[in-house]
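Report on the following structure.
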Amino acid sequence: MRTTWGMEGAEALSAQFEALGNQVATKIGNDVMEQSAELLARRWRVVAPMNPQVRAKTWTLASGERRSRLYGHGRDLIRIGKVRARNEHAVVWKTTTSDAFWLYIYEVGKFDQPARPTFRPATAAMKPLILSFQKEEFQARVASAAEQTVGKVTGGKAPNATGVRH
């Protein structure tokens, strides 16, 4: 399931990012997006299906050898990771259930099993919180980076209205 969200005021932030330069903007974007993905992952871990018993699958090979595999609990399989963006100016992180196919089947169902959505409602509920977090964090970091840039250019002192340094 891929979800893309739009943020109000993103155009103004984009202009501020351009003023900071590509390297600083990418660092800020990467940090904030990673924190956002971790926020969503924490929520997913809370709502993930959990069976208190060990989830194991056991089978017997034609040779008679018995094998088994532990599938783990849903909360243990939630991962975040950086994704290569299609756009060179985008920073993309993902929150995923890794290789846990059974969590996908649990979420969307299949022909003989009804869907029991847990991650989609959790994601929808977290959307306003994550967007407000991102907006506040972007604004704070852009302001901080702009202050550092002004400090480097003016020797640590901001010029007054006449352009004279104090």
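The values are calculated or read from the model by the stated rules, or taken from the named source; none is laboratory data. Computed from a predicted structure; not experimentally measured. Positions of Cβ are backbone-derived with ideal geometry, glycine not excepted, and every protein chain shown enters the neighbour counts. The area values use the complete protein model at the heavy-atom level, side chains included, leaving out ligands, DNA and RNA. Shrake-Rupley method; radii C 1.70, N 1.55, O 1.52, S 1.80 Å.
I'd like the full set of residues that are open to solvent by 60 Å² or more (accessible area, probe 1.4 Å) and within 13 Å of A140 (Cα to Cα), limited to region 12-26.
Q16 - this is the single residue of region 12-26 that is open to solvent by 60 Å² or more (accessible area, probe 1.4 Å) and within 13 Å of A140 (Cα to Cα).
For region 76-96, indicate whether the set of residues that are more than 27 Å from T26 (Cα to Cα) and of a type outside the set (D, E, K, R) is non-empty.
The first filter runs over region 76-96 and keeps only residues more than 27 Å from T26 (Cα to Cα), leaving 76-77.
Narrowing further to those that are of a type outside the set (D, E, K, R): 77.
Within region 76-96, one or more residues are more than 27 Å from T26 (Cα to Cα) and of a type outside the set (D, E, K, R).
If you check A115 against the conditions, is it surrounded by 12 or more Cβ atoms within 10 Å (Cβ to Cβ), assigned to a loop (DSSP other than H, G, I, E, B) and out of contact with any Leu (no Cβ under 7 Å at 6 or more places or on another chain)?
Details: surrounded by 12 or more Cβ atoms within 10 Å (Cβ to Cβ): yes; assigned to a loop (DSSP other than H, G, I, E, B): yes; out of contact with any Leu (no Cβ under 7 Å at 6 or more places or on another chain): yes.
So A115 passes the test.
Given the conditions (1) surrounded by 12 or more Cβ atoms within 10 Å (Cβ to Cβ); (2) at pLDDT below 90; (3) farther than 19 Å from Q23 by Cα, report the number of the one that R165 does not fulfil.
So R165 meets the others, but not (1).
Taking region 65-99, which residues are more than 18 Å from Q35 (Cα to Cα), of a type in the set (S, T, Y) and either part of a strand (DSSP E or B) or modelled with pLDDT of 80 or more (or both)?
Within region 65-99, just S68 meets the criteria.
Of the conditions (1) open to solvent by less than 80 Å² (accessible area, probe 1.4 Å); (2) modelled with pLDDT of 80 or more; (3) among the aliphatic types (A, V, I, L, M), A62 clears all except one; give me its number.
All conditions are met except number (1).
Just need a number here: residues in region 74-112 that are on the phi > 0 side of the Ramachandran plot and open to solvent by 30 Å² or more (accessible area, probe 1.4 Å).
1
Go over the candidates E8, E34, E38 one by one and state the one that is touching a Leu at 6+ places or on another chain (Cβ under 9 Å) and either modelled with pLDDT of 90 or more or assigned to a loop (DSSP other than H, G, I, E, B) (or both). Write out each step before concluding.
Working: E34 fails: touching a Leu at 6+ places or on another chain (Cβ under 9 Å); E38 fails: touching a Leu at 6+ places or on another chain (Cβ under 9 Å).
Result: E8 is the single residue among E8, E34, E38 that is touching a Leu at 6+ places or on another chain (Cβ under 9 Å) and either modelled with pLDDT of 90 or more or assigned to a loop (DSSP other than H, G, I, E, B) (or both).
With the requirement that a residue be open to solvent by 30 Å² or more (accessible area, probe 1.4 Å) and over 22 Å from R43 (Cβ atoms), what does region 118-152 give you?
Across region 118-152, the qualifying residues are Q139, A140, R141, A143, S144, A146, E147, Q148, T149, V150, K152.
Counting only residues that are open to solvent by 50 Å² or more (accessible area, probe 1.4 Å) and among the hydrophobic types (A, V, I, L, M, F, W, C), which one in region 44-59 is modelled with the lowest pLDDT?
The residue in question is V54.
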